[in-house]
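> Below you will find the structure I want to go over with you.
The values are calculated or read from the model by the stated rules, or taken from the named source; none is laboratory data. Note that the coordinates shown come from a computational prediction; the quantities given were computed from them, not determined experimentally. FYI the Cβ positions are ideal-geometry reconstructions off the backbone, even for glycines, and counts take in every protein chain you see. For the accessible areas, the whole protein counts, side chains as well, though only heavy atoms, and no ligand, DNA or RNA atoms are used. Shrake-Rupley method; radii C 1.70, N 1.55, O 1.52, S 1.80 Å.
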Amino acid sequence: MSDDAPKGLARNASNYGDRDMALYLRRSFMLSMGWSREALARPTVGICDTGSGLNNCHRHFPELVRAVERGVLAAGGLPLPFPTISVCEPSLSPCSMYYRNLAAIDTEEMMRAQPLDAVVLLGGCDKTVPAQLMAAVSANVPAVMVVGGPMMATRFEGERLSACTDCRRFWAKFRAGEVDAAQIERIEGNLATTAGTCGVMGTASTMACIAETLGFLLPGTAAIPAVHADRMRAAEASGALAVRLATAKDPIRPRDLVTPESLENALRVLLALSGSTNAIVHLAAIAGRAGLRLDLHRLNALSDGTPVLVDLKPTGQGYMEDFHAAGAMGAVLRRLKPLLHLGTPTITGETLGERLARDAAGFVDPAVIRPLEDPISPVGGLVALFGSLAPRGAILKRAAADPRLFETEARAVVFESLPDMAARIDDPALDVTPQDILVLKNAGPKGGYGMPEAGYLPIPKKLAAAGVKDMIRISDARMSGTAYGTIVLHIAPEAAEGGPLALVRTGDRIRLSVRERRLDLLVDEATLASRRAGWTPPPPATRGWDLLWQREVLQADEGVDFAFLRPGGA
Ligand code: FES
């Protein structure tokens, strides 16, 4: 936009065919909200609020909105909070991923359509942050992000609990008969006891750290606990920063922050954190909005050269409150400095290198954030697999997997769909051994459930009761960032798209080789061709969101975004 384009409330006039009347009406209606004419003449800062009575992770957002408003007002701006849909992981069916793109559309259009010089994006729970980053890149309105921050762990009967790694740990014990109904009910009441996002390095925390790495957050704010007073101070400071963006002659915009270099930095951080597999999908979507492609072969190259530094659950020991106390993202980025592109910009106007130079003497607790020369693992936590079963790739979180299973050839035990798995997984008559590979089909983007976090297939009850803790499980689904196990995810193309996964049958042999980065179906081509001839796609959706989703959704390696939302609509 040219420098003399209308600003503040004069921006984006409604189209009545008479611009002066449109602005007269707008001023009149804004005056009805009790603002003075002086206030209405200020630069406008939208505050994108994803609070909701159905989103426990965002229950402190009214307080955060007020803190941002304070910062905007004190810096001379006009704060204008507005709601967008809230996407809370456990509150949505078929899954929150199914609505990430809807949240991104809502946010993008409100950023673009409303008279806003800059925006503060308030996100946190799993899909809200990627949705807002996707939207910001597309709308390209100057934007600073404030995340809700992680919840605190709860002291409980001699240990600490936090959502949601401990949720899964105790549920697995309950299934195995090691925890009774009364105890699981007490645990249920102590897993999430404060405001904030899941208290481990799950998807929400991973995406917050990635957003800081990309430069969308004020430095050092990704991991401040939700209930810490610094969280509100960060919100206030972000409001003030948004006013500076709103009044800058040539402000930094979201597309300035998403570049091939900043995406590589984000992948390095993801690997060093041993962060969530979901971040790969979200980063691919964010990159796609900028016309860039996240290359899974490049992920493998970076993974081989990026050590795991951070010792947090689900793969390690600590909680997000420990990460914050240990130095948080400042410490991680300083540790990784020799591996990062330091010229990437951040929302404050500093480059990443300038930020780290200013922060050079910051505190770091080496027990939680290890030095580069003494890592938890010399290689990154995630790898991409390719092969006849995953021509466009699949993801394995090797840091959360059992290395004894990394080189395996075994028999497949196949579930055709989520209902099929639910019906049979605990059947005492199920023909399964601990050496088998469990396969779930039709749980990818087009499988009818929006690519749910179903990739963490439960260990069949009879095996769990016999003490089996891990098996190879493969699917086109996702997995919660708080889960763990030898689990291959995001197989592309998916079964519902007619990918090779659709052709797997119980009894087939599958070969996994983490060393070779391969996942292969050991069935001859003639057999596969005859199975392919008998394959039918899922029934078409008939209306509404289901129809739009089924028509437009892309595969996992392209971020599960909609094709028409990328530059050029492809
Ligand atoms: Fe909101 Fe985990 S449920 S971050």
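> How many of the residues making up the stretch 90-115 are under 30 Å from Arg26 (Cα atoms), open to solvent by 10 Å² or more (accessible area, probe 1.4 Å) and not charged (D, E, K, R)?
The qualifying residues number 6.
> A further question follows. Between residues in the stretch 345-360 that are within 10 Å of Pro219 (Cβ to Cβ) and residues that are open to solvent by 50 Å² or more (accessible area, probe 1.4 Å) and basic (Lys, Arg), which pairs lie under 6 Å by C-beta distance while being six or more apart or on different chains?
Leu356/Lys337
> Here's something else I'd like to know. Here is a list of conditions, (1) under 20 Å from Pro254 (Cβ atoms); (2) over 25 Å from the mean Cα position of the chain (by Cα), and Leu352 meets all of them except one; can you say which number that is?
(2)
> Could you list, in sequence order, all residues of the stretch 41-52 that are more than 14 Å from the ligand (Cβ to nearest atom) and outside any strand (DSSP E or B)? Quick ask: steps written out before the conclusion?
Taking the stretch 41-52 as the starting set, the residues that turn out to be more than 14 Å from the ligand (Cβ to nearest atom) are 41-49.
Scanning the stretch 41-52 gives Ala41, Arg42, Pro43.
> Continuing with this model, one more query. Kindly state which helices (runs of 4 or more DSSP H) lie completely within the stretch 158-250 and contain at least 2 residues that are open to solvent by less than 10 Å² (accessible area, probe 1.4 Å) and polar (S, T, N, Q).
Details: elements: 165-175, 181-188, 203-214, 229-247.
Passing ranges, in order: 203-214.
> Give all pairs with beta carbons closer than 6 Å in which a residue from the stretch 481-502 that is of a type outside the set (A, V, I, L, M) meets a residue that is within 16 Å of the ligand (Cβ to nearest atom) and in a loop (DSSP other than H, G, I, E, B); count only pairs at least 6 apart in sequence or on separate chains.
Close Cβ pairs (under 6 Å, with a partner that is within 16 Å of the ligand (Cβ to nearest atom) and in a loop (DSSP other than H, G, I, E, B)) amount to Gly481/Gly202; Gly481/Ser276; Thr482/Cys164; Thr482/Cys198; Thr482/Val200; Thr482/Gly202; Thr482/Pro314; Tyr484/Pro314.
> So, one more: Return the residues of the stretch 66-125 that are of a type in the set (Ser, Thr, Tyr) and within 13 Å of the ligand (Cβ to nearest atom); say none if nothing qualifies. Walk me through it before giving the result.
Within the stretch 66-125, the first condition is being of a type in the set (Ser, Thr, Tyr), and the residues that meet it are 84, 86, 91, 93, 96, 98-99, 107.
Selection gives Ser86, Ser91, Ser96.
So that you can scan it fast, the table gives a plain yes or no per residue for (1) more than 36 Å from the chain's Cα centre (by Cα); (2) open to solvent by 20 Å² or more (accessible area, probe 1.4 Å):
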position: Ala22; (1), (2): yes, no
position: Arg26; (1), (2): yes, yes
position: Trp35; (1), (2): yes, yes
position: Val45; (1), (2): no, no
position: Leu54; (1), (2): no, yes
position: Arg59; (1), (2): no, yes
position: Arg66; (1), (2): no, yes
position: Leu73; (1), (2): no, yes
position: Leu80; (1), (2): no, yes
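> Of the conditions (1) open to solvent by 10 Å² or more (accessible area, probe 1.4 Å); (2) more than 18 Å from the chain's Cα centre (by Cα); (3) not basic (Lys, Arg), Val119 clears all except one; give me its number.
Failed condition: (1).
Every residue, every condition in (1) part of a loop (DSSP other than H, G, I, E, B); (2) open to solvent by less than 70 Å² (accessible area, probe 1.4 Å), yes or no:
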{"position": "Ile459", "(1), (2)": "yes, yes"}
{"position": "Lys469", "(1), (2)": "yes, no"}
{"position": "Ala477", "(1), (2)": "yes, yes"}
{"position": "Asp520", "(1), (2)": "no, yes"}
{"position": "Ala526", "(1), (2)": "no, no"}
{"position": "Ala529", "(1), (2)": "no, yes"}
{"position": "Thr542", "(1), (2)": "yes, no"}
{"position": "Arg551", "(1), (2)": "no, no"}
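> Hey, Cys164 hits all of (1) within 12 Å of the ligand (Cβ to nearest atom); (2) at pLDDT 95 or above; (3) of a type in the set (A, V, I, L, M, F, W, C) but one; which does it fall short on?
All conditions are met except number (2).
> Which residue out of Thr206, Thr221, Thr193 is at pLDDT 95 or above, hydroxyl-bearing (Ser, Thr, Tyr) and closer than 21 Å to Ala237 by Cα? Talk me through it step by step, then tell me what you get.
On the way: Thr206 fails: closer than 21 Å to Ala237 by Cα; Thr193 fails: closer than 21 Å to Ala237 by Cα.
Thr221 is the lone residue from the list that is at pLDDT 95 or above, hydroxyl-bearing (Ser, Thr, Tyr) and closer than 21 Å to Ala237 by Cα.
> Here's a check for you: in the stretch 387-445, which residue that is within 18 Å of Gly507 (Cα to Cα) and in a helix (DSSP H, G or I) is most open to solvent (accessible area, probe 1.4 Å)?
Arg424
> In addition: Looking only at the stretch 494-514, filter to residues that are more than 16 Å from Gln435 (Cα to Cα) and outside any loop (DSSP other than H, G, I, E, B); which one of those is farthest from the chain's Cα centre (by Cα)?
Let us first name the residues in the stretch 494-514 that are more than 16 Å from Gln435 (Cα to Cα), namely 494-505, 514.
So of that shortlist, the ones also outside any loop (DSSP other than H, G, I, E, B) come out as 495-497, 500-503.
On the way: Ala495: 23, Ala496: 23, Glu497: 24, Pro500: 27, Leu501: 25, Ala502: 27, Leu503: 30 Å.
Ranking the candidates gives Leu503 first.
> So in the stretch 519-534, with the set limited to residues that are touching a helix residue (DSSP H, G or I) at 6+ places or on another chain (Cβ under 7 Å) and hydrophobic (A, V, I, L, M, F, W, C), which one is nearest to Val488 (Cα to Cα)?
Per the criteria, the residue is Leu521.
> So, of the residues in the stretch 167-177 that are of a type in the set (D, E, K, R) and either away from the ligand (no atom under 16 Å from the Cβ) or touching a Ser or Thr at 6+ places or on another chain (Cβ under 7 Å) (or both), which turns out to be farthest from Tyr319 (Cα to Cα)? Break it down stepwise before answering.
Taking the stretch 167-177 first, the residues of a type in the set (D, E, K, R) are 168-169, 173, 175.
In the following step, the residues that additionally are either away from the ligand (no atom under 16 Å from the Cβ) or touching a Ser or Thr at 6+ places or on another chain (Cβ under 7 Å) (or both) were identified as 168, 173, 175.
Numbers: Arg168: 15, Lys173: 21, Arg175: 25 Å.
Only one residue tops the list, namely Arg175.
> Determine which single condition Asp126 fails, assuming it passes every other condition in (1) farther than 21 Å from Thr315 by Cα; (2) touching a residue at least 40 places away in the same chain (Cβ under 8 Å); (3) among the acidic types (Asp, Glu).
Status for Asp126: all satisfied but (1).
> Kindly evaluate Asp557 against the criterion of being surrounded by fewer than 21 Cβ atoms within 10 Å (Cβ to Cβ), touching a strand residue (DSSP E or B) at 6+ places or on another chain (Cβ under 6 Å) and touching a residue at least 24 places away in the same chain (Cβ under 8 Å).
On the way: surrounded by fewer than 21 Cβ atoms within 10 Å (Cβ to Cβ): no; touching a strand residue (DSSP E or B) at 6+ places or on another chain (Cβ under 6 Å): yes; touching a residue at least 24 places away in the same chain (Cβ under 8 Å): yes.
It is false that Asp557 is surrounded by fewer than 21 Cβ atoms within 10 Å (Cβ to Cβ), touching a strand residue (DSSP E or B) at 6+ places or on another chain (Cβ under 6 Å) and touching a residue at least 24 places away in the same chain (Cβ under 8 Å).
> Any residue in the stretch 497-518 that is within 28 Å of Ala563 (Cβ to Cβ) and touching a His at 6+ places or on another chain (Cβ under 7 Å)?
no
> Name the pairs: first residue in the stretch 189-215 and more than 14 Å from Gly275 (Cα to Cα) and within 9 Å of the ligand (Cβ to nearest atom), second residue basic (Lys, Arg) and part of a helix (DSSP H, G or I), Cβ to Cβ under 9 Å, at least 6 apart or on different chains?
These pairs meet every condition: Gly196/Arg231.
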